[in-house]
Amino acid sequence: MAAPSRENTQGDETTPLLSSTEGDGHARRPVSPWKRAGRWIAEHATTVFMSLLIAAVIVLLVIFIISLSPKKVKTEAGVCSTPACVHAASEILYNLSPKYKTIDPCNNFEELVCGGWGDRHDLRPDQGDAFTGTIMSENSQTLLRHILEAPYPEDSKHSQFSPAMLTKPNSSVDQQNFEKLKSAYDACMDEETIKKAGVKPLMDIIEQVIQKLPSKKSKDSDALASTILYLEKLGVSSVVSLGAGADDKDPDVVVVQAMAPWTVGLPAKDYYEDERILGKYQAVLSEVLGALFPDSKDINSTTSNVVKFEKFLAAASPDPEDAYDVTKSYNPMSLKDAEKLTPEIRLGMVINSLAPADYKTNRIIVGSPKYMTKLSEALSDTPTVILQNFFVWKVIQAFSSVIEADELKPYYRFRNELSGKDPDSTPERWRTCVGHVDDGLGWILSRFFVEKAFSAKAKDFGDQIVSDIKEMFIAKLKASSWMDKSVIQLAIEKVHKIVQKIGYPTKSPDIMDPPSLKKYYKSVDISGSNFFENAIAMNKFAVGEQWSSLSKPVDHEEWGMTVPTVNAYYNPPGNEIVFPAGIMQFPVFDVNVPQYLSYGAFGAVSGHELSHAFDSTGRHYDQNGNYTDWWTNSTVKAFEKKADCFVEQYHNYTIEGSDGKLIHVNGRLTLGENIADAGGITASFSAWKKRQAETPNKDLPGLEHFTQEQLFFVSYANWWCGKSRKETAINRIYTDPHAPKWARILGTMSNSKDFLESFSCPTKEPVCELW
């Protein structure tokens, strides 16, 4: 759980709690199904009545079961039988294995808690994997769909932020913002117009690339630089990924960053070692480029060389674990020295054209000098015609999701097959369009999401949980036997200084202030009839926003995720933990159920993010967000010894590869996440136990088999219940800094002394432990 990758323009945040394409490919937008807009309920009265009737039957059934079942544990607080508690209990019971009473929790807790989840949730043909967070995201998507397909909710009084509560001037601006959302959504939903346009919008961009880099012209650095610049302005990374973000060693200053692209074509560099996949990939290139350029000669020879060029770049790019390692990816140098690494692309000209006119670029951060040197070698040795076709292919890949044309179908099919999906499957159109609006106008959409799906009470409870966990983490630091006292004092100061952002931003922009949102998106021109142009406008806006930050101090009020996102992150240079309202939804978070459920799930997420401040990456940043060595040598050595335990432990988890051979989880790549999982649940359990001592929690109906302590861990594991196609699981092993979901359950439980004691396991000592 850290934050988004640098290439995705998320500054210097660490890897988020989830990867950027979990489940539905958008890793965001959750909301409780029962909190739908009143207008929508009125339009679906029959469905709502039947749902309430079914819920009533479930309540009666659970109460009947309670009357027959002997109680294992009886607490003074009694049993909670409210609809929210019955709903929560039924969710847990549905997910449990039918044999949960006979499964040993100490050996297979994942099967015990999640054995019934797969029976309830089938993967759609367009899904590579899914888990509880995916369901939360889809619930949010459904709510957002209802918002976008309904008129402006001028009569809504759901909260203090509702349209009916706004002043007349603000209400007028709010409606204008809403219409901007609607126009973007409607243009995306107009499939007839999109299909009629075919590949023409794409070809217009491709023609620009061909004009800037003519294949018959001798190699020209100006032409190469012009092509790279053109694509960067459209948000397309090609041979290098350029951006701007906080300087790790001076986190109040924005600096230019030049990184190796996260992918050069295939989704992971490991795929370039698989000749079977490479053969299919080249065939797809030939088919697509052949369809777009039917008069081309020697197309197979050309695409073969494009794939070879990509393979060379992939081999030269840093391994994922190195790309996430700040000690290897932070390489400051003068712009002049950086240009010498790859003189063929005229880096200074490209950067100065992207940066504000009043900004002088003297110093940049190079992610991998080795890659830049190898890139120079590749560009020198590759004919212009191959480079031209490579750039054309980057354009096709980048904009394939906003084009519907037969010419691109081979690529769509290949992309699906690589994830194990039905080759001809596509997401429901409305899902694609909700994601499109969230990506491009996310803060306006966030405003209407919060109005329906989040409350002041929820924000207060979220603040309470995070504050409790900070307190417990400080206690863990004070009790640490492997950290030197001087380091402990600085670590405690760092925890005190961690900024916690809960729910939604109120600055940069203030999503509850319509004029602030209007001003923020003023430069984004949205058409109600041209989906492709809208996508281009959104991309250009995002690129412009990032580069314009160079002339200003770092804006510490900005968020790296929109509010409906089901995710969270810790940002080392900002020393901040961020929890969008999207992740603060049932079943991870609920103010109306016993607290052990929310502390077990959302609390563990909160503790996870806080733990990132002291993991293999976070430990390099001090209390002010500066990248510096503030740990003593003895503390570093003790940490590395404990970290090696996690590396070895998770390396022993395996999945089956496409050839039947076992693929090991990369214990080094997933180290930070695994440490954070272990630290998060330890701090959260301690925080809940302190609260429980002050205010006893009620039991849940039908779950007498478990103690409240055990249900804390059941709630944690419920969050990770899921299923995956083999191909998607393989891709995640190659690229994802998170271990597979089932491993995050098994590994975390075996590293939790509280879990081992709660379930009376024979072994009471954790396999690996840091805090």
| remark: Ranked on Cβ counts within 10 Å of their own Cβ, fewest leading, His738, His620 go His620, His738
| task | Can you tell me the 0 to 90 degree angle between the C-alpha axis of helix 633-651 and the longest principal axis of the chain, rounded to 10? | result | 90
| field | Per DSSP, loop trypsin sites (Lys or Arg not before Pro) in segment 339-398 with at most 16 further Cβ within 10 Å | value | Lys360
| query | What whole-number value in cubic angstrom gives the convex hull volume per residue for the C-alpha atoms of segment 665-728? | reply | 113
| field | Reachable aspartates and glutamates, given that their alpha-carbon falls under 15 Å from the alpha-carbon of Lys522 and they are not under 8 places away in the same chain | value | Asp174, Glu179, Asp510, Asp513, Glu545
| field | Cα centroid separation - segment 478-524 against segment 216-241, whole Å | value | 37
| task | Taking each pair of different alpha-carbon atoms in segment 246-343 once, compute 1/r for the pair, average those values, and report the inverse of that mean as the Kirkwood hydrodynamic radius in Å to one decimal. | result | 16.2
| task | Taking the chain as the reference, fit the longest principal axis to its C-alpha atoms, fit the long axis of helix 105-114 to the helix C-alpha atoms, and give the angle between the two in degrees, 0 to 90, nearest 10. | result | 70
| said: Please compute the volume of the convex hull spanned by the alpha-carbon atoms of segment 346-420 and report it per residue in Å³. | reply: 174
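Given Cα pairs under 8 Å that are at least 6 residues apart, what percent is the relative contact order of the chain?
Relative contact order comes out at 24 percent.
Please express the shape of segment 199-403 as an equivalent ellipsoid: the semi-axes are the square roots of 5 times the eigenvalues of the C-alpha gyration tensor, given largest first in whole angstrom.
On the way: eigenvalues 168, 77, 47 Å².
Ellipsoid semi-axes (Å, largest first): 29, 20, 15.
Restrict the search to segment 120-203; then list the trypsin sites (Lys or Arg not before Pro) that DSSP places in a loop and that have at most 14 other Cβ atoms within 10 Å of their Cβ.
Details: sites: Arg120, Arg145, Lys157, Lys180, Lys182, Lys195, Lys196; in loops: Lys157.
Answer in residue order: Lys157.
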| message | Check which residues have an amide H placed less than 5 Å from Tyr621's amide H, if you skip close sequence neighbours. | response | Thr628
| message | Using only Cα atoms and rounding to the nearest 10 degrees, what angle (0 to 90) does helix 45-68 make with the longest principal axis of the chain? | response | 40
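Pairs to check: Lys421/Lys540; Lys219/Lys394; Lys195/Lys723; Lys661/Lys723; Lys308/Lys394. Give those whose C-alpha atoms are more than 22 Å from each other in this structure.
Check vs 22 Å cut-off fails for Lys421/Lys540; Lys195/Lys723.
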| said: Which of the three applies to segment 534-669, rounded, prolate or oblate, going by the alpha-carbon gyration tensor with a ≥ b ≥ c and a/c under 1.5 meaning rounded? | reply: rounded
| Rounded to the nearest 5, what is the percent of antiparallel bridges among the DSSP beta bridges in segment 199-403? | 75
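In a shell of Cβ-Cβ distance under 15 Å around Lys216, excluding Lys216 itself, what net charge do Lys and Arg (+1) and Asp and Glu (-1) give?
Summing Lys/Arg as +1 and Asp/Glu as -1 gives +1.
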| query | Can you give the Kirkwood hydrodynamic radius for the chain, in Å, rounded to one decimal and based on Cα pairs? | reply | 27.3
| request: Give me the lysines in straight-line cross-link reach of Lys637: C-alpha distance below 17 Å, same-chain residues under 8 apart excluded. | output: Lys485
| note | Applied in sequence order to segment 698-707, the curve 6.51 cos²θ - 1.76 cosθ + 1.60 (Karplus, θ = phi - 60°) yields integer Hz couplings, x standing for Gly and Pro, of 7, 7, 9, x, x, 10, 5, 5, 10, 7
| In segment 431-488, which chymotrypsin sites (Phe, Trp or Tyr not before Pro) fall in coil by DSSP and have 16 or fewer other Cβ atoms within 10 Å? | Trp482
| Taking the convex hull of Cα positions in segment 533-580, its mean projected area over all directions (nm²) | 4.2
| field | Whole-Hz ³J(HN,Hα) from phi, Karplus 6.51 cos²θ - 1.76 cosθ + 1.60, for segment 716-731, glycine and proline x | value | 4, 5, 4, 4, 9, 4, x, 8, 8, 6, 4, 5, 5, 4, 5, 4
| field | Footprinting exposure proxy for Glu91, Glu757, Glu709 (fewest neighbouring C-beta atoms within 10 Å first) | value | Glu757, Glu91, Glu709
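Counting DSSP beta bridges with both partners in the chain, what percentage is antiparallel, nearest 5?
70
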| field | Stokes-Einstein D for segment 128-265, Kirkwood Rh over Cα pairs, 25 °C, 0.890 mPa s (µm²/s) | value | 121
| Inverse of mean 1/r across different Cα pairs in segment 127-195, Kirkwood, Å | 14.2
| query | Using the Karplus equation 6.51 cos²θ - 1.76 cosθ + 1.60 (θ = phi - 60°), what ³J(HN,Hα) coupling, rounded to whole Hz, does each residue of segment 347-355 give in order, writing x for Gly and Pro? | reply | 3, x, 5, 5, 5, 5, 6, 8, 6
| Which value in deg cm²/dmol, rounded to the nearest 500, describes the helix-derived mean residue ellipticity at 222 nm for the chain, given -39,500 (n - 2.57) per DSSP H run of n ≥ 4 and division by the residue count? | -16500 deg cm²/dmol
| Candidate lysines for bridging to Lys196, where Cα separation is under 16 Å - those fewer than 8 sequence places away on the same chain excluded | Lys409
| query | Which whole-number percent is the relative contact order of segment 199-403 (Cα, under 8 Å, 6+ apart)? | reply | 32
| remark: Relative contact order in percent for segment 322-457 (Cα pairs under 8 Å, 6+ apart) equals 17
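A short reminder: the numbers here are calculations on the coordinates, not readings from a lab. As the structure is a prediction and not an experimental result, all values here were calculated from the model. Using ideal geometry, Cβ is built from the backbone for each residue, glycine included, and neighbour counts are taken over all protein chains shown.
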